[in-house]
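The values are calculated or read from the model by the stated rules, or taken from the named source; none is laboratory data. A quick note: this is a predicted structure, and the numbers were derived from the prediction, not measured. Reconstructed Cβ throughout: ideal geometry from the backbone, glycine too, with neighbour counts over all protein chains shown. Please note that ligands, DNA and RNA were not included when accessible areas were found on the heavy atoms of the full protein model with its side chains. Shrake-Rupley method; radii C 1.70, N 1.55, O 1.52, S 1.80 Å.
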Amino acid sequence: MIARVALLLLLVTARAASAEPLTTVPTTLDPAKAYVLVEYKLIANTMANFPGSRKYYPQIFGLSFARYDATLADVRGQGRAVANPAPDKRPFEAFRNRPLVKGEGAQLFLIAVEPDTWVVQGWADTSFSLGSYRFQLAAGDIVDLGVVSALADWPDGQPPKAPSLAKLMLLGPFAKKPPVTPVRVSFRARGADDLPLPPELVARVRNVEFAPGATFGNYLGGPVNRIEGVNAPK
C-alpha cells in the first residue's frame, strides 16, 4: 500500500511536460498545443469524489491520461511500444486541485497537451488497461471530453460486507482487510445543468470522438479494469 501511494504521489507531483492543467484561460492559446476540457461530476451517496479530497480512497487522484501508440497497442515508450517513446519520456498525466471552474458538486478542468493520440489511462491507481478510450488531438484542437463520474466497481455490483468495528478493535492488525476495489468511470455529453464552458472557448470547442477498446500495460501499480467496468458488456 505504501509503495502504491508513493507511486501515485510521484505521478501527481512530477507532472509531465506534455500536459499541464490550467487555472485560467490564456489570453492567447498556443497554436502548437491541443487543449482538453473535462468536467468531474460528484455522484451523490457514492464513494466517488473529486481529485484532492482526502475523504475517500482511491478516488482522490482522479483521471490520468497517457500518450498512446494505436498500432503497437500500448502507452508510448512502455511495453509493446517501448520503441516509440514520448519526447519527454514521461507520458503520464495525473492531476488534481487545479480546476478551471468550480461549481456545486462539479469541477471543470482545462488541460494543455501535446498533439498526439491519447488514452484514458485510469482513475487513481486503477488502470483501464483491459479496455479504455483513445482519442486523437491535433495542434490547435480544443476538445471537450464531456462530464465524467467515477464509481467503485464491485464484481457482483454490490459492495462486500464490511467487518464490524468490534471485530476490527478485537483483531487489530490481524483483522481481515477490505478488498481492493477497482474503479470504473462513465463519460457523457455536457448538458444544461453542467458547468458552462468559458465563453472565449465555446465557439472553438469540438466534442471528443472516443475510440473504445484500447489496451495497454498496467503502469499505475494498482488494480486493472475496463473503463466501463467489469460488468459492462465486452
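Brief remarks on what is shown
- Within segment 198-212, the set of residues being modelled with pLDDT of 95 or more and either assigned to a strand (DSSP E or B) or not charged (D, E, K, R) (or both) comprises 205, 206, 207, 208, 210, 211, 212.
- Number of positions in segment 213-234 that are modelled with pLDDT of 90 or more, open to solvent by 30 Å² or more (accessible area, probe 1.4 Å) and not aliphatic (A, V, I, L, M): 6
- Strands (runs of 3 or more DSSP E) fully within segment 10-119 counting 1 or more residues that are open to solvent by 10 Å² or more (accessible area, probe 1.4 Å) and at pLDDT 85 or above: 34-41, 63-69, 101-103, 106-113
- Meets criteria (touching a helix residue (DSSP H, G or I) at 6+ places or on another chain (Cβ under 9 Å) and open to solvent by 10 Å² or more (accessible area, probe 1.4 Å)) for residue 138: no
- Among the criteria (1) modelled with pLDDT of 95 or more; (2) surrounded by fewer than 16 Cβ atoms within 10 Å (Cβ to Cβ), the one residue 128 does not fulfil is (2).
- Within segment 187-212, tally of residues that are open to solvent by less than 60 Å² (accessible area, probe 1.4 Å) and closer than 14 Å to residue 226 by Cα: 2
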